[in-house]
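Asker: What follows is a single structure, and I will ask about it in a moment.
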Amino acid sequence: MEGERKDIIKRFLQNQVAQADNRALGYVLDEKGNKNPTRNAYVKLNMHLTNFMEGKTSVRWIVMHGLRGAGKTTLVSQLYHNSKRLDRNINRIFLAVDEINRVLGFSLKETMEVYEELLGTVFERLDKPLLLFLDEVQYDKDWAIVLKTIYDRTNKVFIISTGSSALTLQTNSDVARRAYFERLLPMSFTEYNKVKNHKYEIAGLCEKLRTALYSSNNATEVFSQLKLLEKDVDKYWMGIDRLEFKKYIRWGTLPYMVKIDNESIAYDLLKKTVDRIIAVDVPELGKFETDVIKRIPEILYMVAGSDTVSVTRMSSNLGINKLTLSEVLEVLEKTETLIRVFPYGSPGIQVRKPSKYLFLSSAIRSMYFNFTSSVIDETLIKGKLLEDTIGLYLTKYMQKNIGTSLTYDNSEKGADFFLKTNGGYIIIEVGSGKKGFQQINNSFNKIGAKYGLVISANELALDGQCRSVYIPLKYFLLS
């Protein structure tokens, strides 16, 4: 490496070390100087960091990935700030790899080599722990091999690397064996309330609700178990403004928009995030012509207004090759902008029949409705946003429960979701009134379900056949 280039990197690193605490504080403290509440994932990740500092962990490398705007930079900043409390004299550095790579033109490998010189010793001879906090690492094409090499050279290093959802696609078996992967999803309603209003969850309530909803043997057991939790549920909702749920499903699932009360400003910020996904993440994951990339906002808008997506019909309407359109939708899944829900049935049926596409963050669908002054009925808009929200919650559940899967009933008047659990199928319908139970009854014998759940604004109730339960939103949103 040329001397002048090395000097530039050295000055950059020295500046990063000097400014890191102040930069992290911008995420740790609010505008009044009060400490911001942390996401649920913080507890687990901080446990791994603390265990490392105490010399009792096998986890030394965390790869955190997820949708843009899900809060990865905030979370890693909070962890960086807390590491100082664990040991004020520890060697640690926080680097934004996108700045290193795209702005300054340095590679991560070069930067780590110079940092090693600044430490005054090679990594193999470290006599105290070293913490590396590396944000947006996917901007360096060799990040995985660089960090794997550092990991293997010393057991004194702890690495937290974050990036977009594309991150996991750039890893290999060597990384998978060494790193702990943490997928950061958009916020639940309780996380939203905690971050915005400092309203904390009731300890253990979430797990009790999930057990009742997904691990019961029949509908009667679901109902009776939820009844036992009624007082705790009501206790949580005391003092919560009824408009908070509307704000949550319209733009509050992403942390950086939580404190915003102006809907138009929220959507302007969100558009910048979506534009960045389209301009940066999509080209990294797929080989598309420029004119195709320019059509992606139009594709997303069409998805936003659809119950299911027929690629053949959409391809004809847009004038885009069917195979290309399929690839675009697949890449949007990989960026975690969309969740694809296949129709229930054999692989042949799943290929031939339309899939249902949900937005991982309901805010994105809401943005498209808002920007285009959609003429869709307000009740239908709320229904689609609620379906996205339930899809997010089910995704969170499936992430913690290996072997679970989600499909939908593509038959006429079929149910919204079939959740396959280790104990059998559960039918889930998003709706209200008699329609909800009818949709479930139409699907019930098709899969031999354990029971059905109708998630709506109705009160908690058991249907006359003891097949299904009305699940009020006030229960479901705490699960």
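Asker: So in region 3-184, what percent of DSSP beta bridges are antiparallel if you round to the nearest 5? Spell out each step's value before the answer.
Answerer: On the way: 1 of 21 bridges.
Of all bridge pairs located within region 3-184, approximately 5 percent are antiparallel.
Asker: By the scheme Lys and Arg +1, Asp and Glu -1, what is the net charge of all other residues having a beta-carbon under 12 Å from that of GLU4?
Answerer: With Lys, Arg at +1 and Asp, Glu at -1, the neighbours total +2.
Asker: On a 0 to 90° scale, report how tilted helix 434-447 is relative to the longest principal axis of the chain, with both axes built from alpha carbons and the result rounded to the nearest 10.
Answerer: For 434-447 against the chain, the angle is about 80 degrees.
Asker: Hey, fewest Cβ within 10 Å first, where do HIS81, HIS198 land in order? Intermediate results must be reported in sequence, preceding the final value.
Answerer: On the way: HIS81 19, HIS198 12.
Exposure proxy ranking, most exposed first: HIS198, HIS81.
Asker: Between beta-carbons, use under 10 Å as the cut-off and find the net charge around ILE364, counting Lys and Arg +1, Asp and Glu -1.
Answerer: Every neighbour counted, the sum reads +1.
Asker: What is the diffusion coefficient of region 95-238 in µm²/s, taking the Kirkwood radius over Cα pairs and the Stokes-Einstein relation at 25 °C with a viscosity of 0.890 mPa s? Present the calculation step by step, with values, prior to reporting the outcome.
Answerer: Details: Rh = 19.1 Å.
Rounded, D is 129 µm²/s.
Asker: A follow-up question, please. With a cut-off of at most 15 other beta carbons within 10 Å, and DSSP calling the residue loop, which GluC sites (Glu not before Pro) in region 1-97 qualify? Please list them.
Answerer: Values: sites: GLU2, GLU4, GLU31, GLU54; in loops: GLU2, GLU31, GLU54.
Taking region 1-97 and a limit of 15 other Cβ atoms within 10 Å, the loop GluC sites (Glu not before Pro) found are GLU2, GLU31, GLU54.
Asker: Shifting gears a bit: Can you give me the relative contact order of region 190-476 as a percent, contacts being Cα pairs under 8 Å and 6 or more apart?
Answerer: Values: 371 pairs, mean separation 46.9, N = 287.
Relative contact order comes out at 16 percent.
Asker: Let me ask something additional. What is region 53-122 by shape, rounded, prolate or oblate, if you read a ≥ b ≥ c off the alpha carbon gyration tensor as root eigenvalues and call it rounded for a/c under 1.5, prolate for a/b larger than b/c, and oblate otherwise? Please report the intermediate quantities before stating the final value.
Answerer: Numbers: a/c = 1.84, a/b = 1.06, b/c = 1.73.
Oblate.
Asker: Report the per residue volume, in Å³, of the convex hull enclosing the C-alpha atoms of region 190-476.
Answerer: 139 Å³
Asker: Same structure again: Hey, what's the per residue convex hull volume over the C-alpha atoms of the chain, in cubic angstrom?
Answerer: Values: hull volume 77.6 nm³, N = 479.
Output value, Cα hull per residue: 162 Å³.
Asker: Return the tail of the calculated pair distribution for region 277-381, meaning the percent of Cα-Cα pairs more than 15 Å apart. Display every interim value, and only then the final one.
Answerer: Numbers: 3487 of 5460 pairs.
It works out to 64 percent of all Cα pairs.
Asker: Same structure again: Count the DSSP beta bridges whose two residues both fall in the chain, then state the antiparallel fraction as a percent rounded to the nearest 5.
Answerer: Values: 16 of 48 bridges.
DSSP beta bridges in the chain are roughly 35 percent antiparallel.
Asker: Just from the alpha-carbon atoms, what are the Rg and Dmax of region 322-411 in angstroms?
Answerer: 14.2, 41
Asker: ASP7 to CYS206: FRET efficiency via 1/(1 + (r/R0)^6), r the Cβ-Cβ distance, R0 60 Å, to the nearest 0.05?
Answerer: Numbers: r = 52 Å, r/R0 = 0.87.
Between ASP7 and CYS206 the formula returns 0.70.
Asker: In units of 2.2 N^0.38 Å, what is the alpha-carbon radius of gyration of region 3-184? It would help to have the intermediate numbers written out before the result.
Answerer: Numbers: Rg = 15.5 Å, N = 182, 2.2 N^0.38 = 15.9 Å.
Here the Cα radius of gyration is 0.97 times the empirical estimate.
Asker: Treating region 228-316 as a set of equal point scatterers at the Cα positions, no solvent, please give the Debye-formula log₁₀ I(q)/I(0) at q = 0.15, 0.16, 0.17, 0.20 Å⁻¹.
Answerer: Evaluating at q = 0.15, 0.16, 0.17, 0.20 Å⁻¹ gives log10 I(q)/I(0) of -0.80, -0.85, -0.91, -1.06.
Asker: Counting other C-beta atoms within 10 Å, and keeping those with at most 10, which DSSP coil GluC sites (Glu not before Pro) do you find in region 216-291?
Answerer: Values: sites: GLU221, GLU230, GLU244, GLU263, GLU284, GLU289; in loops: GLU289.
Answer in residue order: GLU289.
Asker: Starting from the Kirkwood Rh over alpha-carbon pairs, what translational D in µm² s⁻¹ does region 177-255 have by Stokes-Einstein at 37 °C and 0.692 mPa s? Walk me through the numbers on the way to the answer.
Answerer: On the way: Rh = 14.6 Å.
Value of D from the Cα-based Kirkwood radius: 224 µm²/s.
Asker: Relative contact order of region 3-184, please, whole-number percent, based on alpha carbon pairs below 8 angstrom and at least 6 residues apart. Each step should come with its number before you reach the end.
Answerer: On the way: 248 pairs, mean separation 55.5, N = 182.
After rounding, I find 30 percent.
Asker: Within region 95-204, list the chymotrypsin sites (Phe, Trp or Tyr not before Pro) lying in a DSSP loop whose Cβ has at most 15 other Cβ atoms in a 10 Å radius.
Answerer: Those that pass, being in a loop and sparsely packed, are TYR200.
Asker: Report the far tail of the P(r) of region 417-479, meaning the percent of Cα-Cα pairs longer than 17 Å. Working shown, then result.
Answerer: Values: 648 of 1953 pairs.
That fraction is 33 percent.
Values quoted throughout were computed directly from the atomic coordinates according to the rules given, and no laboratory measurement underlies them. Everything quoted here is computed from the prediction, not taken from an experiment. For neighbour counting, all protein chains shown are included, and Cβ atoms are generated from backbone atoms with ideal geometry for every residue, glycine included.
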